[in-house]
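Some notes on the structure that comes next.
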Amino acid sequence: MLETPILRGAPRAHPATTQTTRPLRIAFLSYRSDPRVGGQGVYLAQAAEALARMGHQVTVLSGPPYPELDDSVGLVKIASLDLYNQPHNGHRALRWRHLKSWADTSEYFGHWLGRFMEPETFGRRAAKYLRRHRRDYDIVLDNQSIAYGLLEIERRGLPVVGVIHHPIRRDLELALAAEPAWGMRALMRQWYGFLKMQEKVAPRLKDVIVVSEAAGKDVAECLAIDPGRITPIPLGIDQTVFRVQPDIRRRPERLLTTASADVPLKGLKHLIEAYAMLVDTRPELELVVIGKLREGPTAELIADLGLTNKVRFIHGLTRDEVVAEYAKAAICVTPSLYEGFGLPAAEAMCCGAPVVVTDGGALPEVVGEAGVVVRKGDSRALALALGQLLDDPTRRATMSEMGLKHAREQFDWDRAAVAYDGVLQRAMARAC
């Protein structure tokens with residue numbers, strides 16, 4: 001083990017505001033949790049805070065990169081080799097002391113062989129930590145690691161509830177379908193080797209929370225989980241942060257999207273192609289991407305289409321800066337081929353932005369009647385929908401009002417926390 005995990009101060013529970021059931025000491029597991037590198041970090045922080053508001057004592061056990069948490073939530077840092085944050089891609093990180101730890105050794109050599117090892121090795125380290133601190137917790141809530149370590153944790157008497165945002169098998173399928181080179185496809189299968197672990201562990205979880213009805217169906221199918229063990233609970237949004245900004249003027253020719261990773265699943269390729277179709281007749285049209293442009297297929301596509309000076313990427317934003325970008329956009333677009341939920345679309349509606357999404361996964365479920373839905377992977381259909389909406393400010397204003405109403409009714413973390421509490425209390429009762 002690289003370091004002893006460190007507790008960031010004792011967790012401070014809020015007085016219970018929405019329930020009177022038994023307060024629980026919850027270990028909330030997350031193998032990587034920085035909110036700037038993906039939606040799961042945002043989810044973790046907000047879900048943990050909402051559970052703390054109910055009176056639960058919540059401690060996050062996280063691998064690096066670590067989360068940003070409210071003071072009411074504790075943090076235990078489960079150190080790792082953190083190979084993706086090392087020079088030379090981590091290949092020179094091994095030291096003799098690491099050979100004393102199976103987690104360190106397997107993380108290093110698995111990484112060297114091109115496998116993504118973080119879920120598995122985090123699970124081992126979390127299980128080791130909880131062996132020593134078993135008496136400090138009543139229950140474990142796992143954020144998508146679905147690791148072998150969860151089975152050990154349960155064997156030692158701590159009930160486990162799994163949160164699965166979507167089956168990662170869908171990511172692999174879409175990546176393989178988009179890659180023509182057999183060698184690259186082989187490397188992808190190697191990198192996604194952790195799926196075999198998740199597909200063995202998931203059917204043995206007694207309670208699973210998913211983030212949408214659509215995700216629940218896919219999780220049941222891909223991970224062979226009994227549907228009776230699955231509870232769909234939509235994500236909440238912090239609507240004290242994600243809200244209308246009356247002092248910020250919308251730019252009538254600005255499209256906004258979020259792309260945390262350059263992967264086929266996010267569908268950015270199709271939005272860029274749609275933008276290229278529109279910009280010929282709309283030279284003032286902007287496309288802003290919240291994300292970092294790296295060398296790869298997206299950068300190549302932008303260059304091939306002659307859009308290098310037109311598409312703007314911004315990253316490293318604070319939450320308030322993200323909200324300001326939603327407030328400036330005429331339309332927010334989620335072009336994903338698949339989403340278990342679709343956090344950016346929900347956040348945009350909370351900020352009063354009209355949204356256009358695809359029919360990939362749960363996106364139609366998330367936007368309801370308040371958004372425009374087009375076929376996934378269809379650049380022309382996306383361009384047509386965006387063009388019509390750009391030409392119709394009255395319709396955009398109506399969509400903004402409908403989106404706000406829908407968001408306020410559906411994306412409430414306090415209501416979600418009550419539903420989480422029901423699942424946790426049920427798991428506790430079964431374990432007694």
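The values are calculated or read from the model by the stated rules, or taken from the named source; none is laboratory data. What you see is a predicted model; the values in this text were computed from it and never measured. Cβ atoms come from the backbone with ideal geometry, glycine included; neighbour counts cover every protein chain shown.
Do we have any residue at all in the range 266-275 that's buried (at least 18 other Cβ atoms within 10 Å of the Cβ) and closer than 18 Å to VAL366 by Cα?
yes
Do we have GLY371 as touching a Leu at 6+ places or on another chain (Cβ under 9 Å) and either polar (S, T, N, Q) or on the phi < 0 side of the Ramachandran plot (or both) here?
Yes.
Would you pick out the residues in the range 184-226 that are farther than 28 Å from ARG124 by Cβ and crowded, with 20+ Cβ neighbours inside 10 Å?
SER212, ALA214, GLY216
Give me the pairs: first residue in the range 260-280 and touching a residue at least 40 places away in the same chain (Cβ under 8 Å) and part of a loop (DSSP other than H, G, I, E, B), second residue crowded, with 24+ Cβ neighbours inside 10 Å and small (Gly, Ala, Ser), beta-carbon distance under 8 Å, and six or more apart or on different chains, which are they?
GLY267/SER336; GLY267/GLY360
Here is a list of conditions, (1) at pLDDT below 95; (2) in contact with a Leu (Cβ under 6 Å, 6 or more places away or on another chain), and THR318 meets all of them except one; can you say which number that is?
THR318 satisfies all of (1) at pLDDT below 95; (2) in contact with a Leu (Cβ under 6 Å, 6 or more places away or on another chain) except (2).
Look at PRO364 and say whether it is out of contact with any strand residue (DSSP E or B) (no Cβ under 6 Å at 6 or more places or on another chain) and over 30 Å from ILE26 (Cβ atoms).
Numbers: out of contact with any strand residue (DSSP E or B) (no Cβ under 6 Å at 6 or more places or on another chain): no; over 30 Å from ILE26 (Cβ atoms): yes.
It is false that PRO364 is out of contact with any strand residue (DSSP E or B) (no Cβ under 6 Å at 6 or more places or on another chain) and over 30 Å from ILE26 (Cβ atoms).
Based on what the data block shows, is ILE153 of a type outside the set (Lys, Arg) and at positive phi?
Answer is no for this residue.
Tally up the residues in the range 281-311 that are assigned to a helix (DSSP H, G or I), aliphatic (A, V, I, L, M) and surrounded by 14 or more Cβ atoms within 10 Å (Cβ to Cβ), please.
Adding up the residues that qualify gives 3.
Would you kindly identify the strands (runs of 3 or more DSSP E) lying entirely within the range 325-424 that contain at least 1 residues that are farther than 29 Å from THR281 by Cα, of a type in the set (Val, Ile, Thr) and at pLDDT below 95?
The strands (runs of 3 or more DSSP E) meeting that bar number zero.
Looking for whichever is of a type in the set (A, V, I, L, M), over 18 Å from ARG430 (Cα atoms) and crowded, with 23+ Cβ neighbours inside 10 Å here; the options are ALA147, ALA181. Which one fits?
Every option except ALA147 fails the conditions.
For the range 42-152, please list each of the strands (runs of 3 or more DSSP E) lying entirely inside it that holds at least 3 residues being at pLDDT 95 or above and of a type in the set (Val, Ile, Thr). Steps first, answer last, please.
Values: elements: 57-62, 74-77, 139-143.
Passing ranges, in order: 57-62.
What number of residues within the range 180-207 are touching a residue at least 12 places away in the same chain (Cβ under 8 Å) and over 12 Å from ALA224 (Cα atoms)?
12
Here are some conditions: (1) under 22 Å from the mean Cα position of the chain (by Cα); (2) on the phi > 0 side of the Ramachandran plot; (3) not aliphatic (A, V, I, L, M). GLY306 meets all but one. Which one does it not meet?
(1)
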